[in-house]
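Input: a single structure, listed below in structure tokens.
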Amino acid sequence: MLYSPKSLKWLLRIYPPFLFQRIWVKKIHTDFQGVDVKIIKSIFNKNSNSTIFGGTIFSAVDPFYAILIDQRLQSHGFKKTVAWLKSASIEYKKPGLTNLRFSIKITDEDFNECMDTLKNRGRIIKTFSVEIVNDQNEICAIAKNEIYIRDLNFTYTRV
């Protein structure tokens, strides 16, 4: 289903796993080119060390690449696609002592590669990386997301 950036932002804001972990979608960029997210440190996501629980950080970065690319593909004429997180890894660099934030940007080059590959092969697996920073702009974690995208209308031909 295709949403507007504004309606998708609000849908994700009230999505229970995000809401209760204090993961706040600040903005979804025009044409789904990116997203700005804040993880608000609170009693709901603090561990015994009074830092943001690593699972909250991991949950925050999990869905965005797949959602953004899928929405952008649909807005560019792909009517029946699936996109999901195939694999992910995260490297924690510093404890999350303050609120955390990250921005995801999908470049035109990356998006065009996805579109071209889908048109020619019907599916693509692509890896993206994002840095999660604290209020002092220090890197607290780096996540890598491998996304699987498939055009369900693609017809495979045997050679």
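Among the conditions (1) open to solvent by 30 Å² or more (accessible area, probe 1.4 Å); (2) at pLDDT 95 or above, Lys79 misses just one, which is (2).
Rundown of residues vs (1) in contact with a Ser or Thr (Cβ under 8 Å, 6 or more places away or on another chain); (2) among the aromatic types (Phe, Trp, Tyr); (3) free of Cβ contacts under 8 Å to residues at least 24 places away in the same chain, yes/no style:
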| position | (1), (2), (3) |
| --- | --- |
| Ile43 | no, no, yes |
| Ile52 | no, no, no |
| Phe64 | no, yes, no |
| Pro95 | yes, no, no |
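Looking across segment 23-64, the residues that are among the charged types (D, E, K, R) and over 16 Å from the mean Cα position of the chain (by Cα) come down to Lys41, Lys46. The lone criterion from (1) more than 11 Å from the chain's Cα centre (by Cα); (2) over 19 Å from Lys9 (Cβ atoms); (3) among the aliphatic types (A, V, I, L, M) left unmet by Leu100 is number (2). Asp62 meets all of the listed conditions (1) closer than 25 Å to Asn99 by Cβ; (2) of a type in the set (D, E, K, R); (3) open to solvent by less than 40 Å² (accessible area, probe 1.4 Å) but one, namely (3). Residues in segment 131-159 that are open to solvent by less than 50 Å² (accessible area, probe 1.4 Å) and either touching a Cys at 6+ places or on another chain (Cβ under 8 Å) or at positive phi (or both): Ile132, Val133, Asn134, Ile149. Can you say whether Thr51 is in contact with a Gly (Cβ under 7 Å, 6 or more places away or on another chain) and within 19 Å of Asn99 (Cβ to Cβ), as far as the supplied structure shows? Answer is yes for this residue. Selection over segment 97-155 of residues that are free of Cβ contacts under 8 Å to residues at least 40 places away in the same chain and of a type in the set (A, V, I, L, M, F, W, C) gives a count of 4. Filtering segment 20-40 to residues that are more than 25 Å from Phe53 (Cα to Cα), of a type outside the set (Ser, Thr, Tyr) and either touching a Gly at 6+ places or on another chain (Cβ under 7 Å) or surrounded by fewer than 18 Cβ atoms within 10 Å (Cβ to Cβ) (or both) leaves His29, Asp31, Gln33. For segment 96-130, residues that are surrounded by 15 or more Cβ atoms within 10 Å (Cβ to Cβ) and assigned to a loop (DSSP other than H, G, I, E, B) total 6. Can you confirm whether Phe53 is buried (at least 20 other Cβ atoms within 10 Å of the Cβ) and out of contact with any Pro (no Cβ under 6 Å at 6 or more places or on another chain)? No, not satisfied. Of all residue pairs spaced 6 or more apart or on separate chains, those with beta-carbon atoms under 7 Å, a first member in segment 1-22 that is under 28 Å from Lys79 (Cα atoms) and assigned to a helix (DSSP H, G or I) and a second member that is open to solvent by 60 Å² or more (accessible area, probe 1.4 Å) and aromatic (Phe, Trp, Tyr) are Leu11/Tyr3; Arg13/Trp24. Going by the structure shown, is Lys9 modelled with pLDDT under 95 and among the basic types (Lys, Arg)? It is false that Lys9 is modelled with pLDDT under 95 and among the basic types (Lys, Arg).
The values are calculated or read from the model by the stated rules, or taken from the named source; none is laboratory data. Worth saying up front: this structure is predicted, and the values here are computed from it rather than measured. Cβ coordinates were reconstructed from backbone atoms using ideal geometry, including for glycine residues, and neighbour counts include every protein chain displayed. Side chains are part of the model used for accessible areas, which takes the heavy atoms of the whole protein and leaves out ligands, DNA and RNA. Shrake-Rupley method; radii C 1.70, N 1.55, O 1.52, S 1.80 Å.
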